[in-house]
């Protein structure tokens, strides 16, 4: 679009808006004519027309009108004196220095803010990785120490050791081995929007914590005696929950694919496949590309879970049972002396916090 | 020539002193840069046209920067900061292009 058409457009627009009453009321030179007004050469417009839309003026003459005015006044009154010239020179220099500094500061600001975020993110990611490695190492160490402690205890306990191991295996604290099933579960491909090609937000084939919960419960129902998800053993107090996009079992984040290994009767694989849960996930597999595989596996070995510890209850050992009444033993110390803590020592209220006889392994 | 020297001095000063911009002023920095560039290109063109004036240059620089910042501030208060910034950038950008075209005509006769 050249200038002429632009001006014509401007005039037509103004006329349509009724800003110009008619040719008679028009002060502009020939603006009402059907013939386009003559274009004035750059910089020679004698009086800036404010009525002609300012966009046209902006496009036509981007230079500040003040320069022209100053030049005209200089031509009238002659060049400025030396003092005025010096002041102008100083001002100009200061302005130019300020411009240079402004450019640099803006550049530095732009450059500085960008990597700040990136470096912070990077160092955070490194922190997370380092901590995860530390956690893994410590978990391995804890496992070793647990085995060591178990063997030492077996040596001390003697004939009752096998019963203790039984209890531990059942409660999930001890490592177990046996035949069972392996269930592999992985998210299907994220569906893409047919128009934009971007992943859609409603991802039906995405595995969430609920899926692992349902399958674990179905395995318990089918007779599993020990279950581990990606190596994390499930015990009575285990949680499977979502934290953001990650699935946590207890406090350990899991990543895909999810492998659920369960030790139980040989009928377990079939039972899972034929259960409503198995049917549902088979449907998800055919419809949404979810990976769902159940196969019988022999010789599974599941590690024990970390001991969650008792926070409120106190186990009753045979020695303390004979020495003191259960309600009067608030601490692990089995001595018969009066407890110093735990508020007023009223004569034994009937034990709102009396510990259970044994740490019950099965109940949720 | 001297103008270029003064600008280089300014750049060096900025690099050496590394002034920190207060956080409250940071949103106005880009728009102030565009406004300053407009004033500088206007000055160069006026110089080539032979009508350069110190007073006009300084005033256009200061007022450009201040008005641009004021418009952005006003827009931020009204909740249309992005749109007003775009408007300022468009207007100043058009002026910069026009002046650069005039400078180009002066320098290369094309």
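The values are calculated or read from the model by the stated rules, or taken from the named source; none is laboratory data. For clarity, every value in this text was computed on a predicted model and none was experimentally measured. Counting neighbours? That spans all protein chains shown, and the Cβs are built from the backbone with ideal geometry, glycine included.
Figures for the structure shown
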{"item": "Output for the range A:235-262, where each listed residue is over 24 Å from residue A:168 (Cα atoms), within 19 Å of the chain's Cα centre (by Cα) and outside any strand (DSSP E or B)", "result": "A:244, A:245, A:255, A:256"}
{"item": "Yes/no for residue B:11 being in a helix (DSSP H, G or I) and within 14 Å of the chain's Cα centre (by Cα)", "result": "no"}
{"item": "Residue in the range A:152-159 that is at pLDDT below 80 and either at positive phi or surrounded by fewer than 10 Cβ atoms within 10 Å (Cβ to Cβ) (or both) present", "result": "yes"}
{"item": "Test: residue B:81 is on the phi > 0 side of the Ramachandran plot, more than 7 Å from chain A (Cβ to nearest Cβ) and either surrounded by 16 or more Cβ atoms within 10 Å (Cβ to Cβ) or more than 16 Å from the chain's Cα centre (by Cα) (or both)", "result": "no"}
{"item": "Flag if residue A:110 is under 30 Å from residue B:101 (Cβ atoms) and in contact with a helix residue (DSSP H, G or I) (Cβ under 7 Å, 6 or more places away or on another chain)", "result": "no"}
{"item": "Failed condition for residue B:48, given (1) within 13 Å of the chain's Cα centre (by Cα); (2) more than 10 Å from chain A (Cβ to nearest Cβ); (3) surrounded by fewer than 20 Cβ atoms within 10 Å (Cβ to Cβ)", "result": "(1)"}
{"item": "Pick from the range B:18-36, criterion facing another protein chain (nearest Cβ under 8 Å) and in a helix (DSSP H, G or I), ranking: nearest to the chain's Cα centre (by Cα)", "result": "B:36"}
